[in-house]
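Written out below as structure tokens is the structure these notes cover.
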Amino acid sequence: MATRIVTDGSTERVEHAPRVVLPAGATLFAERAARFEQLARGHALGPYLQLMARVCRAQADLYGARAAPPIAESALAASRAYGMPPLAALTHERDAQWRDDLRGIEAALRPQANEPLAAALERLQRLDDRALEALADRVLAGGAGDEDAEHVPLVGAALQLYFTRRAATLAPADVGNCDVATVCPVCGTRPVASVVRIGGPQANLRYLVCALCSTEWNMVRVKCSACEEEKGVGYLSIEVPDRAPGEAAVRAETCDECKSYLKILYQEKDPMLEPMADDLASLALDVLVDERGYARSGPNFLLHPGSG
Ligand SMILES: [Zn+2]
Ligand SMILES: [Zn+2]
């Protein structure tokens with residue numbers, strides 16, 4: 001059982017810690033790529049994690065290739081005044097730039113693609129702009145079907161790149177007023193996981209990490225990140241050799257009120273943790289939690305639905 005918090009003087013620290021941390025840009029994708037490479041070694045999903053390392057490497061390389069389109073002043077004003085996410089993923093007018101990012105990721109993967117990947121890239125390349133926009137809408141709304149499955153990770157990666165590049169142009173004051181704690185204050189997307197960091201102003205605090213733009217926002221621990229209830233929160237983890245059950249670096253935070261779960265990552269147990277990569281590399285935990293009747297509350301856009 002995790003320790004209940006805010007009894008150790010950390011209330012004061014919460015006031016000084018940033019409520020919202022905007023994404024770091026290209027280094028974020030480079031670090032994610034390195035973590036995927038590390039996790040891929042000897043892992044049952046090794047080839048898939050290796051492929052995702054290459055996707056993240058492409059995201060890092062493409063990040064600086066184009067400038068982020070400016071965010072409309074009206075959207076910034078609505079965010080500052082009412083906390084409306086200025087880049088609301090489902091409603092904002094998507095710039096065609098994300099399709100250039102997608103084509104860039106495809107081009108980066110093509111030279112080393114094995115036969116199934118080469119065939120999938122070929123099928124993706126044949127989709128016209130209209131089909132791609134419809135596919136992006138489905139991915140963002142969580143409505144991608146079986147026929148979309150092979151395209152989801154690459155379309156998801158391109159959308160991440162596009163939204164992260166734009167989110168990084170914001171100032172914290174632009175997004176500080178969002179009072180809905182369960183979605184990203186920048187793009188309105190659900191978190192991929194939450195992380196308890198070590199070091200710096202975020203130390204020992206729990207941050208939810210946006211599945212799309214990687215913005216992080218603070219939420220107290222031992223609170224359901226989907227329904228905000230505190231009672232009925234519990235933790236499940238996979239047994240790790242040489243580690244007590246409560247010592248796992250990746251745990252599922254389950255909620256008996258809304259029957260959902262999201263993973264929580266403890267950097268003090270493993271300083272190299274990266275939310276997106278470690279979430280994918282711990283699919284066995286999703287299976288375990290799923291069997292207990294909890295439904296996952298946030299997406300991972302790099303997940304190929306057939307890879308679990
Ligand atoms: Zn976001
Ligand atoms: Zn809940």
Out of curiosity, is Ala144 more than 16 Å from the chain's Cα centre (by Cα), farther than 20 Å from Ser297 by Cα, away from ligand 1 (no atom under 14 Å from the Cβ) and open to solvent by 30 Å² or more (accessible area, probe 1.4 Å)? no
Report the residue count in the stretch 251-308 for those that are assigned to a loop (DSSP other than H, G, I, E, B) and small (Gly, Ala, Ser). 7
Being modelled with pLDDT under 95, open to solvent by less than 20 Å² (accessible area, probe 1.4 Å) and of a type outside the set (Lys, Arg) is the requirement here; does Ala248 meet it? yes
Just to confirm my filter: which helices (runs of 4 or more DSSP H) fall fully inside the stretch 126-219 and include at least 3 residues that are of a type in the set (Val, Ile, Thr)? 152-167
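The values are calculated or read from the model by the stated rules, or taken from the named source; none is laboratory data. Please read these numbers as outputs of a predicted model, since none were measured by experiment. So basically every Cβ, Gly included, is an ideal-geometry build from the backbone, and we count neighbours across all protein chains shown. Calculation scope for accessible area: heavy atoms of the full protein, side chains included, ligands and nucleic acids excluded. Shrake-Rupley method; radii C 1.70, N 1.55, O 1.52, S 1.80 Å.
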